[in-house]
1. Per DSSP H run of at least 4 residues, take -39500 (n - 2.57); add these up for the chain, divide by its residues and hand me the 222 nm value, nearest 500 deg cm²/dmol.
2. Give the order of LEU153, LEU47 when sorted by the count of other beta carbons within 10 angstrom, beginning with the fewest.
3. When ranked by the protection proxy of mean other Cβ atoms within 10 Å per residue, highest first, what sequence do the peptides 48-58, 16-26 form?
4. Working from the alpha-carbon coordinates of region 2-231, get Rg over Rh, Rh being the Kirkwood radius.
5. Based on the inverse mean of 1/r over its pairs of different Cα atoms, what is the Kirkwood hydrodynamic radius of region 133-218, in Å?
6. Could you tally the net charge around LEU4, taking each other residue with its Cβ under 13 Å from the Cβ of LEU4, Lys/Arg +1 and Asp/Glu -1?
7. Over all directions, average the projected area of the Cα convex hull of region 126-165 and note it in nm².
8. Counting only DSSP beta bridges with both residues in the chain, tell me the antiparallel percent, nearest 5.
Amino acid sequence: MLLLHYQPVLDLERGPVGVEALIRLHHPKRGVLLPAAFSRSLDHPTLGKRIGRLVLDMAMTQAELWQRQGLDLRISVNIGPRHLLETGFPGDLCEALNAHPEIPPSRLMVEITETAPMLDFQRTKQALLACGRLGVGVALDDFGTGNAPLTWLQKLPAETVKIDRSFVREMPHDPRSHAIVSGMVDTGRMAGLEMVAAGVESPSQVSLLSQMACARLQGYAIARPMPAEEVPGWFRSCALHQQWGGVLAPLSQTCHA
Ligand code: G
Ligand code: MN
């Protein structure tokens, strides 16, 4: 059975801002499996699209449940290249939004990796423009690795960029990774983009990112992906902390899931 876990994104100045929906498979014998264990199904020509539609609907249904509990969360959904590049993708997005009218489209964000623009740049651009027309946000995920050129920052209609965890991981002990992250954060800020550092695992990474004024963080240092029912409690306990800048110690004691 497919299920979603949710990983919070923390803004060091404003507190927690949203969650990313992460797909998992509940295997009767092997327990909860990560996407790598069933990537063939996710990439499958027809199954990939069906899973994508299901995930959109599950995430929106969950957002609606949280909203009824007074929790207005921005929710990010990872969209695979097969689904994004289908002509029916904007229609699927529209359907998911229409099925959950209580959730404003701006609360939904679509995350895409480099694969879709590498396969078909123009079509990716059209799909992302369609997201924008619907009022849905767009994030470029795992940014900076593989073949993601800076032209994409220039030409793709995205307002959020997620800095790949490989740079964040090396940053404390590798000056080049530090320089790359710092450069990406500055470039993003000057371009009016919202920069999110992904895979933040340690207090030293948090303090370096905070010094660079990269306010949005996601990773084990903030919270591990968690089942939906744990999310309201996590947000409540985090709301008790008014000061976020560099305060990972109290954060990890109370908010670490
Ligand atoms: O590329 P994307 O951001 O969609 O990947 C999310 C995946 O990364 C999830 O499967 C999640 O479990 C994992 N993840 C989340 N936070 C961390 C982290 O701090 N470190 C590492 N190594 N993996 C993480
Ligand atoms: Mn993602």
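1. Details: 12 runs with 116 residues, N = 257.
Helices in the chain give a 222 nm mean residue ellipticity of -13000 deg cm²/dmol.
2. On the way: LEU153 17, LEU47 14.
Going from sparsest to densest Cβ surroundings: LEU47, LEU153.
3. Working: 48-58: 18.7, 16-26: 20.5.
Most protected by this proxy first, the peptides run 16-26, 48-58.
4. Working: Rg = 17.1 Å, Rh = 18.1 Å.
Radius of gyration over Kirkwood radius for region 2-231 works out to 0.95.
5. Taking the inverse mean of 1/r over all distinct Cα pairs, region 133-218 comes out at 13.0 Å.
6. -3
7. On the way: hull surface 11.4 nm².
Hull-based average projected area comes out at 2.9 nm².
8. Numbers: 17 of 38 bridges.
Roughly 45 percent of the beta bridges in the chain run antiparallel, per DSSP.
No lab work stands behind these numbers, since they all come straight from the coordinates. Not measured: the values here are computed from a predicted model. Note that each Cβ is placed from the backbone with ideal geometry, even for glycine, and that neighbours are counted across all protein chains shown.
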